[in-house]
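*Asks:* Supplied in structure tokens, the structure appears directly below.
The values are calculated or read from the model by the stated rules, or taken from the named source; none is laboratory data. All values derive from a computational prediction rather than experimental measurement. Glycine gets a Cβ as well: all are built from the backbone with ideal geometry, and neighbour counts include every protein chain shown.
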Amino acid sequence: MRLQIRPASGSGRKQAILEAWYRERLKEAVPVLIAKWEPLIGVKVERFFVQRMKTKWGSCSPGSKSIRLNAELAKKPPECLEYIVVHEMVHLLELSHNNRFITLMDRFMPLWRFYKDELNRLPVRHENWAY
């Protein structure tokens, strides 16, 4: 999908349009990933949310069977988005990052550590950083 912004738009408006565009790309991609992984992991995601997050790539609420994903994932490699979706879905089975969680991640996504390392090399989101 192509994004067009009028040249005369202010920088704030351009940023808002771009962020909305990225959010929509995630809202298109995530249901496909959830549908792929639900039968493999054996969980049901009732709802997912895309939001701006400063310090996390995702989170989950096992009680409501929902996951939250950082909107910045739209700017990262698709494999990293899939890793975070799987990571949060596995948290619906095991809340902590204990041995059971690691065993489940190894079973469902053997290369998860590679994607985790790739994401950890990237900033979560860009703020107007002054150098």
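*Asks:* Tally the residues that are within 26 Å of Arg121 (Cβ to Cβ) and either in contact with a Pro (Cβ under 7 Å, 6 or more places away or on another chain) or assigned to a strand (DSSP E or B) (or both), restricting the search to region 10-58.
*Replies:* Number satisfying all stated conditions: 5.
*Asks:* Regarding region 50-65, can at least one residue be identified that is small (Gly, Ala, Ser) and surrounded by 18 or more Cβ atoms within 10 Å (Cβ to Cβ)? Write out each step before concluding.
*Replies:* Going through region 50-65, the residues small (Gly, Ala, Ser) turn out to be 58-59, 61, 63-64.
Of the ones still in play, those that are also surrounded by 18 or more Cβ atoms within 10 Å (Cβ to Cβ) are 58.
The answer is yes; a qualifying residue exists.
*Asks:* Is it the case that region 6-23 has a residue that's at pLDDT 95 or above, loosely packed, with under 12 Cβ neighbours inside 10 Å, more than 15 Å from the chain's Cα centre (by Cα) and over 21 Å from Lys76 (Cα atoms)?
*Replies:* no
*Asks:* Hey, among Leu69, Leu73, Leu95, Leu81, which residue is outside any helix (DSSP H, G or I) and surrounded by 18 or more Cβ atoms within 10 Å (Cβ to Cβ)?
*Replies:* It is Leu69.
*Asks:* Could you tell me which of the residues Arg100, Arg68, Arg113 is in contact with a strand residue (DSSP E or B) (Cβ under 7 Å, 6 or more places away or on another chain) and not polar (S, T, N, Q)? Spell out the reasoning first.
*Replies:* On the way: Arg100 fails: in contact with a strand residue (DSSP E or B) (Cβ under 7 Å, 6 or more places away or on another chain); Arg113 fails: in contact with a strand residue (DSSP E or B) (Cβ under 7 Å, 6 or more places away or on another chain).
That would be Arg68, the only listed residue that is in contact with a strand residue (DSSP E or B) (Cβ under 7 Å, 6 or more places away or on another chain) and not polar (S, T, N, Q).
*Asks:* Now a separate question. Only one of (1) surrounded by 12 or more Cβ atoms within 10 Å (Cβ to Cβ); (2) without any contact (Cβ under 8 Å) to a residue 60 or more places away in the chain; (3) aliphatic (A, V, I, L, M) is not met by Val32, so which one is it?
*Replies:* Going through (1) surrounded by 12 or more Cβ atoms within 10 Å (Cβ to Cβ); (2) without any contact (Cβ under 8 Å) to a residue 60 or more places away in the chain; (3) aliphatic (A, V, I, L, M) one by one, Val32 breaks only (1).
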